[in-house]
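Enquirer: Below is a structure I'd like to ask you about.
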């Protein structure tokens, strides 16, 4: 499976695209569509800039990685919308967070309803509830249910 245009739009909406490095709420240097890994071998730091083509390439690279993670972690059948919601979740929080989550445990047990209710628990950064994360988790939850 691959992320649909609807899933990509959700990720782009909530990540936004910034071509100059910034510190995200989790205190990580970030660039493009929420990219936190080195760019062409260079760690992200204050003052770093990229162009739109690079931002789009990094997004596609990230999507492929998270799509593969979802395909490995999830043991039950997913609809396109469910897959898209999980890719967005992993893109934002990382596959490691998903891999140890109650959300994944419930999903792999076939408890789709219980799993979808776990999305909204993941709305904090630095121990504080963030409105943007609350909105994103609600959007992912709605996408999962659609």
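Enquirer: Among the residues of region 118-146, which ones are free of Cβ contacts under 8 Å to residues at least 12 places away in the same chain and farther than 17 Å from residue 93 by Cα?
Expert: 142
Enquirer: Let me ask something else. Taking region 25-51 on its own, how many of its residues are surrounded by 12 or more Cβ atoms within 10 Å (Cβ to Cβ), over 16 Å from residue 64 (Cα atoms) and touching a residue at least 40 places away in the same chain (Cβ under 8 Å)?
Expert: Matching residues across region 25-51 total 2.
Enquirer: I need a count of the residues in region 1-33 that are in contact with a strand residue (DSSP E or B) (Cβ under 9 Å, 6 or more places away or on another chain) and assigned to a loop (DSSP other than H, G, I, E, B).
Expert: 6
Enquirer: Can we say residue 53 is in a helix (DSSP H, G or I) and more than 21 Å from residue 10 (Cβ to Cβ)?
Expert: For residue 53, the condition - in a helix (DSSP H, G or I) and more than 21 Å from residue 10 (Cβ to Cβ) - is met.
Enquirer: If you don't mind, there's one more thing I want to ask. Let me spell it out: the conditions are (1) surrounded by 15 or more Cβ atoms within 10 Å (Cβ to Cβ); (2) over 16 Å from residue 87 (Cα atoms), and residue 20 meets all of them except one. Which number is the exception?
Expert: Among (1) surrounded by 15 or more Cβ atoms within 10 Å (Cβ to Cβ); (2) over 16 Å from residue 87 (Cα atoms), the lone unmet condition for residue 20 is (1).
Enquirer: Given 98, 93, which one is surrounded by 13 or more Cβ atoms within 10 Å (Cβ to Cβ), closer than 23 Å to residue 124 by Cβ and touching a helix residue (DSSP H, G or I) at 6+ places or on another chain (Cβ under 8 Å)?
Expert: The unique qualifying residue is 98.
Enquirer: Checking residue 11 against (1) surrounded by fewer than 19 Cβ atoms within 10 Å (Cβ to Cβ); (2) closer than 20 Å to residue 122 by Cα; (3) touching a residue at least 60 places away in the same chain (Cβ under 8 Å), only one condition comes out false. Which one?
Expert: (1)
Enquirer: Still on this model: Which residues, taken from region 73-94, are closer than 12 Å to residue 4 by Cβ and in a helix (DSSP H, G or I)?
Expert: Hits for region 73-94 are 80, 81, 82, 83, 84, 85, 87, 88.
Enquirer: Looking only at region 128-139, decide whether some residue is more than 13 Å from the chain's Cα centre (by Cα) and buried (at least 16 other Cβ atoms within 10 Å of the Cβ).
Expert: No; the residues of region 128-139 include none that is more than 13 Å from the chain's Cα centre (by Cα) and buried (at least 16 other Cβ atoms within 10 Å of the Cβ).
Here is a yes/no grid of residues against (1) more than 16 Å from the chain's Cα centre (by Cα); (2) under 14 Å from residue 10 (Cα atoms); (3) free of Cβ contacts under 8 Å to residues at least 12 places away in the same chain:
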{"residue": "84", "(1), (2), (3)": "no, yes, no"}
{"residue": "87", "(1), (2), (3)": "no, yes, no"}
{"residue": "92", "(1), (2), (3)": "no, yes, no"}
{"residue": "95", "(1), (2), (3)": "no, no, no"}
{"residue": "110", "(1), (2), (3)": "yes, no, no"}
{"residue": "114", "(1), (2), (3)": "yes, no, yes"}
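Values in this text are rule-based calculations from the coordinates and carry no lab data. All figures in this text were calculated on a predicted structure; none of them were measured in a lab. Virtual Cβ from ideal backbone geometry, glycine too; neighbours counted across all protein chains shown.
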